[in-house]
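*Asks:* Provided herewith is a single structure, encoded as structure tokens, for subsequent inquiry.
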Amino acid sequence: MLYIDLKYAMLVQPLLKGAIRKSDYLFNFRCPLCGDSEKSKSKTRGYLYRKQNALFFRCHNCQVGTTLGKFLKMLDQRLYQEYLLERYRPDHQGHPPRKGKAVPTVLFEPLPRPSWTHAESCDRLEWAHPCLNYLRARQIPQAAWSRLWYAKDYKTFVQEVCPQNTLTVRAEPRLVIPYFSPDHEVLAISGRSFSKNAGTLRYVTFRVTPDDSVVLMFGRELVNPTKPVWIVEGPLDSLFLPNAVASGNANLLGCARALDAPTMTLVFDHERRNREIVQAMETAVREGYSLVIWPDTTKGKDLNEMILSGQTSEGILQILLSHTYQGLVARTTLAFWKKIRPLARLHNMFSPTPVS
Ligand SMILES: [Zn+2]
């Protein structure tokens, strides 16, 4: 009866302040029960979410959790009555209301999120916040904003998360990219600068885990290793692909070895002239991994640049799927790809706009 629940979630949505449909079966809004909260108008901690074949309500502020039906009852009696009639109509193969049967306990299983004092999750920032302007300018999908954080003062934030750190950190705003373990434990934090100043370090990363042998992978806690996994360099780039992790550097091989999923494809940045990357690609091929060898027409050096040049996520996925190589074919394609480098340059001299 999921479709009836979904229909009523959509009917109730206009009554909920700040409601956004985050994915097919996930709605986020200001909790109407607690006001969520008196102090801040930007908080949206109420959720309608799917659990098996039904939708449920949960608020992370007042901790109320209940069925969609009971939630509707608290908000709008008329809508609730309609819902009951439709949901439990006997001609539906659903279940009639069973008397005497207790409502099952709602177990909410959201992703555990760190409760940091000096950083705010990007999905909870005011719409006009400069950090969100930055994410919008880079066309980062809104569904991924909850995976990124904002620290107004990165120095204080680093002190909070890694009190053992002795390195100097500048007190400046940064976009926080957290690296988690499969169990959602924070392993590292990376702060990306908003500044275009050449003197500023773009990424300042700190390990939280004392275990140096742990390989950092952005998205590790969300990836399903039984499905095909994409391994990319940039954490922000990984947000454009399904089931992707990011190494945060050119060490995609380290991630692949640590992840050890049955189907993995390494997506190095599109940087033919970068010796380090080309060598890493050659090693990956020698070790038998699948990898993407970008076609000559590719515009942009990474996925985000490709998106900004007008490509869609679906378009990129198509390119990736049709340019994934392995084994002997990968070896010859890569060798050819390296060799045509001077030709490509010559080609660019005569036709500055590549024909696509
Ligand atoms: Zn509430």
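*Asks:* Can you give the local net charge around residue 124? Use residues other than it whose beta-carbon is closer than 13 angstrom to its beta-carbon, Lys and Arg +1, Asp and Glu -1.
*Replies:* Working: positive: 22, 30, 41, 43, 45, 113, 147; negative: 36, 120, 123, 126.
My count for the surroundings of residue 124 gives +3.
*Asks:* Evaluate the relative contact order of the chain (contact order divided by residue number), counting alpha-carbon pairs under 8 angstrom at least 6 apart; express in whole percent. Before the final figure, lay out each step's value.
*Replies:* On the way: 549 pairs, mean separation 28.3, N = 356.
Relative contact order, the chain: 8 percent.
*Asks:* Amide H neighbours of residue 22 under 5 Å, at least 5 residues apart or on other chains, H built in the peptide plane: list them.
*Replies:* For residue 22, the qualifying residues are 27, 28.
*Asks:* Here is a follow-up. Using the Karplus curve 6.51 cos²θ - 1.76 cosθ + 1.60 with θ = phi - 60°, work out ³J(HN,Hα) for each residue of segment 163-179 in order, rounded to whole Hz, and write x for Gly and Pro.
*Replies:* Couplings: x, 7, 5, 10, 6, 6, 10, 6, 7, 8, x, 9, 7, 9, 10, x, 10 Hz.
*Asks:* Explain nothing, just compute: Karplus ³J(HN,Hα) = 6.51 cos²θ - 1.76 cosθ + 1.60, θ = phi - 60°, for every residue of segment 296-304 in order, whole Hz, x for Gly and Pro.
*Replies:* 4, 7, 4, 9, x, 8, 9, 4, 5
*Asks:* Straight-line reach from residue 155: which aspartates and glutamates fall under 20 Å, measuring Cα to Cα and dropping same-chain residues less than 8 apart?
*Replies:* 120, 172
*Asks:* A further question follows. Got a sec to turn the phi values of segment 285-292 into Karplus ³J(HN,Hα) couplings, 6.51 cos²θ - 1.76 cosθ + 1.60 with θ = phi - 60°, whole Hz, x for Gly and Pro?
*Replies:* Coupling constants for segment 285-292: 5, 4, 7, x, 7, 7, 8, 9 Hz.
*Asks:* What is the percent of Cα-Cα separations in segment 120-207 that go past 23 Å? Working shown, then result.
*Replies:* Details: 845 of 3828 pairs.
Tail fraction, whole percent: 22.
*Asks:* Another one. In the chain, which cysteines lack any other cysteine Cβ under 4.7 Å from their own?
*Replies:* That list is 122, 131, 162, 255.
*Asks:* Suppose we keep just the alpha-carbon trace of the chain; what are its Rg and Dmax in angstrom?
*Replies:* Computed over the Cα atoms of the chain, radius of gyration and Dmax are 24.0, 80 Å.
None of the figures in this text is laboratory data; all of them are computed from the coordinates on show. Since the structure is predicted, the reported quantities are computational estimates derived from the model, not experimental observations. Methodologically, a virtual Cβ is constructed for each residue, glycine included, from the backbone with ideal geometry; neighbour enumeration extends over all protein chains shown.
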